[in-house]
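Below is one structure, written out as structure tokens; comments come after it.
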């Protein structure tokens with residue numbers, strides 16, 4: 001399919017007809033755009049619906065104003081009012097005709113086409129329960145990997161940076177229930193507490209109760225009941241004492257908790273873990289310094305006139321990062337090619353993926369990008385021409401893994417994966433580092449750069465020090481383009497380095 005055709009297909013996906021929606025939208029930020037478009041369409045339809053209702057109210061109020069002015073006169077002296085023939089005639093005609101028409105007008109349903117449009121959109125592309133679970137898991141991972149607390153997450157304060165985004169009481173309540181179902185008791189209680197703190201009666205009260213059937217009473221019941229079940233009776237009683245006047249149910253609950261609290265058992269305490277970053281997602285305290293920066297000139301004749309900028313991040317194992325080695329035009333091309341084929345990722349050898357989608361990107365053997373990889377690595381790309389593109393979703397991450405293949409997955413022609421190349425196709429506002437915990441090395445995405453390392457040593461054995469982890473994206477859309485070069489095609493292309501043995505004389 002040509003590049004221009006793919007662009008045209010994207011432009012045709014407009015709200016109002018069929019939504020351009022991908023499955024599992026939480027697993028890919030680019031897949032979320034369809035939801036943004038869909039909600040924009042819903043807002044437009046709801047605006048039209050509200051206008052239709054307002055127009056009807058305006059019409060009714062206009063009629064009411066007219067008859068009310070006559071009623072003001074007739075109410076003072078009804079007999080005198082109807083004694084005038086014009087008033088009497090007008091009254092009879094209004095009661096015979098106008099009020100009948102008004103009753104029919106009042107019974108007419110307005111804006112039904114707008115309601116139907118919203119219903120059709122929800123039927124076609126509403127996120128599923130699984131999509132919601134994926135999104136919940138992403139938010140929970142912020143605490144798991146970055147030690148962010150629910151109160152800060154809800155206020156949009158992420159890693160010390162304040163964003164113009166927040167979570168509502170309903171959002172926090174959903175997260176509390178999810179944590180409770182997953183036995184994350186402390187997180188559940190913190191999310192309940194945050195849900196209460198986020199509630200604003202003036203802002204939320206009417207809409208929450210009338211539209212969402214939300215009752216503040218129920219939130220307090222769920223919160224304090226959970227506290228009691230988990231053994232925090234005194235904490236629950238303290239809360240209920242302050243809110244029991246809201247509803248009789250809360251007063252009765254307070255009474256019950258008070259009776260339970262007579263048993264002299266202190267509230268338990270959670271063990272507060274220190275904010276230690278075991279994954280390197282926040283950077284290591286003792287990080288190995290980058291060893292050197294230089295221009296690579298000697299792996300091909302072309303580099304003598306156009307050298308590549310490279311930094312050596314680790315000597316053993318050898319890990320380097322090349323800068324400015326993939327260009328905006330190439331990035332746009334591979335993204336557009338992959339948009340309609342992104343799918344959820346398979347499991348890796350030593351870990352799982354969460355909220356990540358991938359797609360295979362075919363590439364010509366002698367394309368500029370493949371030639372550039374040959375210049376970077378000095379290796380044969382004839383048998384490994386294609387790439388894999390990844391887009392991470394809501395707080396998406398890739399679990400601990402190495403890039404080596406299981407023996408049963410290796411082929412006689414290719415063998416194991418010798419070299420890994422990861423192109424960063426986007427900058428990431430926060431998070432998304434690639435961490436090598438055994439090496440105390442974390443590398444953050446830099447658009448246009450490429451991270452390169454070899455997975456096998458000189459004896460073609462896997463190097464376990466290259467166990468790595470792709471940290472959750474906090475804010476931003478992370479795109480990577482990955483290529484693996486296998487060992488067997490390099491047999492006569494790139495000789496092994498000599499190993500020198502030490503002898504004691």
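The values are calculated or read from the model by the stated rules, or taken from the named source; none is laboratory data. Nothing here was measured: the structure is a model prediction, and the numbers come from that model. Virtual Cβ from ideal backbone geometry, glycine too; neighbours counted across all protein chains shown.
Conditions tested, residue by residue: (1) modelled with pLDDT of 95 or more; (2) assigned to a helix (DSSP H, G or I); (3) within 23 Å of residue 152 (Cβ to Cβ).
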position: 173; (1), (2), (3): yes, yes, yes
position: 180; (1), (2), (3): no, yes, yes
position: 203; (1), (2), (3): no, yes, yes
position: 206; (1), (2), (3): no, yes, no
position: 209; (1), (2), (3): no, yes, no
position: 217; (1), (2), (3): no, yes, no
position: 225; (1), (2), (3): no, yes, no
position: 237; (1), (2), (3): no, yes, no
position: 243; (1), (2), (3): no, yes, no
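When 71, 75 are screened for being in contact with a helix residue (DSSP H, G or I) (Cβ under 9 Å, 6 or more places away or on another chain) and loosely packed, with under 13 Cβ neighbours inside 10 Å, only 75 passes.
When you scan region 279-289, do you find a residue that is within 28 Å of residue 184 (Cβ to Cβ), outside any loop (DSSP other than H, G, I, E, B) and at pLDDT 85 or above, even just one?
At the first step, the residues of region 279-289 found to be within 28 Å of residue 184 (Cβ to Cβ) are 279-285.
Within this subset, residues satisfying the condition of being outside any loop (DSSP other than H, G, I, E, B) are none.
Taking every residue of region 279-289 in turn, none turns out to be within 28 Å of residue 184 (Cβ to Cβ), outside any loop (DSSP other than H, G, I, E, B) and at pLDDT 85 or above.
For region 115-138, the condition of being farther than 30 Å from residue 43 by Cβ, in the same structural domain as residue 63 (by TED's automatic domain parsing) and out of contact with any helix residue (DSSP H, G or I) (no Cβ under 9 Å at 6 or more places or on another chain) holds for none of the residues. Here is the figure for region 227-251: residues that are touching a helix residue (DSSP H, G or I) at 6+ places or on another chain (Cβ under 7 Å) and closer than 23 Å to residue 179 by Cα total 10. If you go through region 182-210 and keep only what is more than 11 Å from residue 172 (Cα to Cα), over 22 Å from the mean Cα position of the chain (by Cα) and surrounded by 17 or more Cβ atoms within 10 Å (Cβ to Cβ), you end up with 185, 204, 208.
Assess whether residue 148 counts as being within 14 Å of the chain's Cα centre (by Cα), without any contact (Cβ under 8 Å) to a residue 40 or more places away in the chain and not in a helix (DSSP H, G or I). Steps first, answer last, please.
Values: within 14 Å of the chain's Cα centre (by Cα): no; without any contact (Cβ under 8 Å) to a residue 40 or more places away in the chain: yes; not in a helix (DSSP H, G or I): yes.
No: the conditions fail for residue 148.
Within region 17-38, residues that are more than 16 Å from residue 390 (Cβ to Cβ) have Cβ atoms under 6 Å from residues that are modelled with pLDDT under 65 in these pairs: 20/13; 34/19; 34/20; 34/21; 37/15; 38/19, counting only partners at least 6 apart in sequence or on another chain.
Yes/no per residue for (1) out of contact with any helix residue (DSSP H, G or I) (no Cβ under 8 Å at 6 or more places or on another chain); (2) more than 26 Å from residue 238 (Cα to Cα):
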| residue | (1), (2) |
| --- | --- |
| 166 | no, yes |
| 188 | no, no |
| 197 | no, no |
| 218 | yes, no |
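Please find, among 192, 208, the residue that is free of Cβ contacts under 8 Å to residues at least 60 places away in the same chain and over 21 Å from residue 135 (Cα atoms). Show your work before the answer.
Working: 192 fails: over 21 Å from residue 135 (Cα atoms).
Going through 192, 208 in turn, just one is free of Cβ contacts under 8 Å to residues at least 60 places away in the same chain and over 21 Å from residue 135 (Cα atoms): 208.
Residues of region 291-327 that are in a helix (DSSP H, G or I) and either in contact (Cβ under 8 Å) with a residue 24 or more places away in the chain or not assigned by TED's automatic domain parsing to the domain that holds residue 363 (or both): 302, 303. Looking only at residues of region 156-176 that are in contact (Cβ under 8 Å) with a residue 12 or more places away in the chain and surrounded by fewer than 17 Cβ atoms within 10 Å (Cβ to Cβ), we find that the one that is farthest from residue 204 (Cα to Cα) is 159. Inside region 359-397, residues that are in a strand (DSSP E or B), over 14 Å from residue 477 (Cα atoms) and in contact with a helix residue (DSSP H, G or I) (Cβ under 6 Å, 6 or more places away or on another chain) make up a count of 2. Look at (1) surrounded by fewer than 17 Cβ atoms within 10 Å (Cβ to Cβ); (2) at pLDDT 95 or above and you find that residue 406 fails only one, number (2). Residues in region 342-358 that are part of a strand (DSSP E or B) and surrounded by fewer than 19 Cβ atoms within 10 Å (Cβ to Cβ) were compared, and the one that is modelled with the highest pLDDT is 343.
Let's see how each residue does on (1) surrounded by 13 or more Cβ atoms within 10 Å (Cβ to Cβ); (2) modelled with pLDDT under 85; (3) within 26 Å of residue 426 (Cβ to Cβ); (4) out of contact with any helix residue (DSSP H, G or I) (no Cβ under 8 Å at 6 or more places or on another chain):
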{"residue": "253", "(1), (2), (3), (4)": "yes, no, no, no"}
{"residue": "261", "(1), (2), (3), (4)": "yes, yes, no, no"}
{"residue": "271", "(1), (2), (3), (4)": "no, yes, no, yes"}
{"residue": "301", "(1), (2), (3), (4)": "no, yes, no, yes"}
{"residue": "314", "(1), (2), (3), (4)": "yes, no, yes, no"}
{"residue": "320", "(1), (2), (3), (4)": "yes, no, yes, yes"}
{"residue": "323", "(1), (2), (3), (4)": "yes, no, yes, yes"}
